[in-house]
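The values are calculated or read from the model by the stated rules, or taken from the named source; none is laboratory data. The model shown is predicted, which means the values in this text are computed figures rather than measured ones. Every residue, glycine as well, gets a Cβ built from its backbone with ideal geometry; the counts of neighbours run over all protein chains shown. The protein model used for the area step is the full one, side chains on, heavy atoms only, and it has no ligands, DNA or RNA in it. Shrake-Rupley method; radii C 1.70, N 1.55, O 1.52, S 1.80 Å.
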Amino acid sequence: MKTVAVHTGIPYEVSIGRGLLGRAGEWLAGLTAPRVAAMVADDTVDALYGDQVQQSLRGAGFRVSRMRFAHGEASKTLETYAAVLAFFSESQITRSDIVVALGGGVTGDLVGFAAATWLRGVRFAQIPTTLLAMVDSSVGGKTGVDLPAGKNLAGAFHQPVGVLCDPDVLSTLPGDVFADGMAEAIKYGVLCDEALFNRLAGGLRPEELETVIGRCVAIKAEICAEDERDTGRRQLLNLGHTLGHAIERCSGYGMPHGHAVAVGMVYAARIAADLGLCDAGCIARLKAALRANGLPTDADYPAQALAGAALSDKKRSGGTLTFVLPRAIGRCELRPVPVERLPDLAACALRPDV
Ligand code: NAD
Ligand code: GLY
């Protein structure tokens, strides 16, 4: 088992190890006195792992109440958020109780936001069950829901009391959902770890999961400890997200987040190459690694549509949007650009590689 410490304002640990799910109760009892645990999962995850986790929590002395919602990004809404709050109310969750988010990034974001706002904030624990949630979304305290006007527009920073990752649960993930997580893992490689990138470039073997999750979490933990509220260096974690979110929006949220981030990273690399920051080899290596992991490197939306969708990005600050651009595999920089330049940059992102 590996443990990564996250030194945010309220520090916590990420525990990573095969078979840990069956010991979730013991783990949670080490974090909080066993009272009521309100466990929320989507229907798929609830059916696969809900009973096992509930049994383990009960065995450790928790009184468990359980809720499930329909899986998918379409549930990350104010309506489901209200349903989760109603569930907390029925479960009579007080500030000495605990909320457990069991599932992927949708569950963690949605349930974390409900925990952040119920009684002005109750403690919550994350048990991520997708690779994306293990390497990224369960760590760092960003929670929220989508609004018709854009993705993650309503949210809060609310750190979990702990995160439990059991790579064994990834064996039931559909291949394309596993690939979503690989996109975020490759992102860490492009950002600051060329050795990690090289390790992922040909795909990942199951026995490497624990090490790779640990490395990605360590990178995210270090960045979030320095910039918990996303005002500086943490923005680097948005590599591929500016145009990635625009692609998601153009697809009516039909394209999954990780797939959109994969394309967004290629677009960022093309913009970087056009500005003379990186060379064509960087784009080629990135595209090869994404393809080897079953990820797309292009999407079908015109520059104007992408530029328009990027305007609603919550990271826009007045008339400026900050792009994360690679200088090389393993090194990126933040580049604020005036929004008037978005159509040009989007056109450059779509230009075929030579
Ligand atoms: P998800 O939570 O919708 O999970 C994807 C699918 O996998 C779902 O259908 C789910 O039911 C299924 N699933 C989950 N675990 C499973 C398992 N072990 N076996 C079989 N099926 C399983 O999506 P996701 O890709 O995990 O997360 C995407 C979300 O995360 C997006 O909303 C994105 O905005 C958010 N996100 C948040 C952060 C953050 O820092 N908070 C970072 C990155 C992404
Ligand atoms: N996924 C981006 C962040 O947590 O900041």
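The set of residues from region 20-78 being hydrophobic (A, V, I, L, M, F, W, C) and more than 25 Å from the chain's Cα centre (by Cα) comprises ALA29, ALA33, VAL36, LEU57, ALA60, PHE62, VAL64.
Among the residues of region 209-252, just one is within 20 Å of ALA303 (Cβ to Cβ), in contact (Cβ under 8 Å) with a residue 40 or more places away in the chain, within 12 Å of ligand 2 (Cβ to nearest atom) and of a type in the set (Gly, Ala, Ser), namely GLY240.
Considering region 161-279, the qualifying helices (runs of 4 or more DSSP H), each wholly inside and each with 2 or more residues that are of a type in the set (Asp, Glu), run over 175-192, 209-226.
The numbered conditions (1) closer than 18 Å to LEU164 by Cβ; (2) modelled with pLDDT of 95 or more; (3) of a type in the set (A, V, I, L, M, F, W, C) are all true for MET1 except (2).
Looking only at residues in region 326-342 that are within 24 Å of the chain's Cα centre (by Cα) and surrounded by fewer than 16 Cβ atoms within 10 Å (Cβ to Cβ), which one is farthest from LEU277 (Cα to Cα)? Can you show your working first?
The initial filter retains those residues of region 326-342 that are within 24 Å of the chain's Cα centre (by Cα), namely 326-336.
Still in the list and also surrounded by fewer than 16 Cβ atoms within 10 Å (Cβ to Cβ): 327-328, 331, 333-334, 336.
Values: ARG327: 5, ALA328: 8, ARG331: 11, GLU333: 9, LEU334: 12, PRO336: 14 Å.
Selected residue: PRO336.
Filtering PRO343, PRO336, PRO326 for residues that are part of a helix (DSSP H, G or I) and modelled with pLDDT of 90 or more leaves a single hit, PRO343. Of everything listed in (1) modelled with pLDDT of 95 or more; (2) open to solvent by less than 30 Å² (accessible area, probe 1.4 Å); (3) within 16 Å of ligand 2 (Cβ to nearest atom), the single unmet condition for ALA303 is (3). Listed by position, the strands (runs of 3 or more DSSP E) enclosed by region 91-160 that each have at least 2 residues that are more than 9 Å from ligand 1 (Cβ to nearest atom) and crowded, with 23+ Cβ neighbours inside 10 Å are 98-103, 123-128. Checked against the criterion of being without any contact (Cβ under 8 Å) to a residue 60 or more places away in the chain and assigned to a loop (DSSP other than H, G, I, E, B), region 32-42 contains one or more residues that satisfy it.
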